[in-house]
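The values are calculated or read from the model by the stated rules, or taken from the named source; none is laboratory data. Please read these numbers as outputs of a predicted model, since none were measured by experiment. All Cβ positions, even for glycine, are placed from backbone atoms using ideal geometry, and neighbour counts span all protein chains on display. Please note that ligands, DNA and RNA were not included when accessible areas were found on the heavy atoms of the full protein model with its side chains. Shrake-Rupley method; radii C 1.70, N 1.55, O 1.52, S 1.80 Å.
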Amino acid sequence: MTLGRPAAFLDRDGVIIEDVGYPHRPDQLHLMPGAEVAVRRLNAAGFVCVIVTNQSGVARGLFDLDQMQAFNDLLVQTLAEDGARIDAVYACPYHAQGSVQAFVHPDHPDRKPNPGMILKAVVEHGLDPDRSLMIGDQPSDMEAARRAGVLGFRFDGGDLDRFVADLLGD
């Protein structure tokens with residue numbers, strides 16, 4: 001049996017971009033220091049790069065699905081302009097305390113710390129959890145990684161490329 005490809009699951013806010021509080025407008029897109037280089041480094045190392053992000057701003061009525069998707073598309077495009085490839089984006093718009101009824105859910109399987117987004121990506125992209133990793137900035141990211149059988153690494157800010165280089169032993 002052939003092994004699936006390794007993946008780098010990346011949280012969005014606080015890892016790839018600065019967490020400015022429910023970012024969804026183009027003027028709120030501020031890459032973390034070293035983000036483009038870190039993603040290129042992961043690409044070069046053979047990782048499929050997948051963003052997995054909780055986006056409760058949709059459930060809270062702060063922005064809609066189209067705005068969320070447009071912002072994620074802009075992020076992927078911005079990184080691509082610098083040669084950094086994001087292969088897929090998974091976003092969970094659900095939250096237990098939402099105000100938009102369609103997105104209120106007590107414990108949606110995709111909302112981290114649940115592993116739903118990671119597990120979907122594994123199946124849909126033929127990934128190998130045993131050779132994959134998750135980089136996140138919250139305990140919920142680490143718990144989602146654990147539940148999905150993926151090694152989790154906590155990023156506390158600073159230069160993302162330095163963090164990734166250390167992680168990969170470069």
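A few remarks follow.
- Restricting attention to the range 135-153, the residues that are open to solvent by less than 10 Å² (accessible area, probe 1.4 Å) and among the charged types (D, E, K, R) total 1.
- Within the range 47-58, the set of residues being open to solvent by 20 Å² or more (accessible area, probe 1.4 Å) and assigned to a strand (DSSP E or B) comprises ASN54 only.
- Just one of the listed residues (ASP82, ASP66, ASP110) is part of a helix (DSSP H, G or I), among the charged types (D, E, K, R) and modelled with pLDDT of 95 or more, namely ASP66.
- Residue in the range 59-70 that is within 22 Å of ASP156 (Cα to Cα), open to solvent by less than 50 Å² (accessible area, probe 1.4 Å), within 15 Å of the chain's Cα centre (by Cα) and not aromatic (Phe, Trp, Tyr) present: no
- When the range 20-49 is filtered for residues that are within 17 Å of PRO93 (Cβ to Cβ) and either touching a strand residue (DSSP E or B) at 6+ places or on another chain (Cβ under 7 Å) or hydroxyl-bearing (Ser, Thr, Tyr) (or both), the ones remaining, listed by number, are TYR22, PRO23.
- Scanning the range 1-46 for residues that are of a type outside the set (D, E, K, R), crowded, with 19+ Cβ neighbours inside 10 Å, touching a residue at least 60 places away in the same chain (Cβ under 8 Å) and in a loop (DSSP other than H, G, I, E, B) returns VAL15, ILE16, MET32.
- For the range 154-169, the candidate set comprises residues that are under 15 Å from the mean Cα position of the chain (by Cα) and buried (at least 18 other Cβ atoms within 10 Å of the Cβ); within that set, the residue that is nearest to PRO113 (Cα to Cα) is PHE155.
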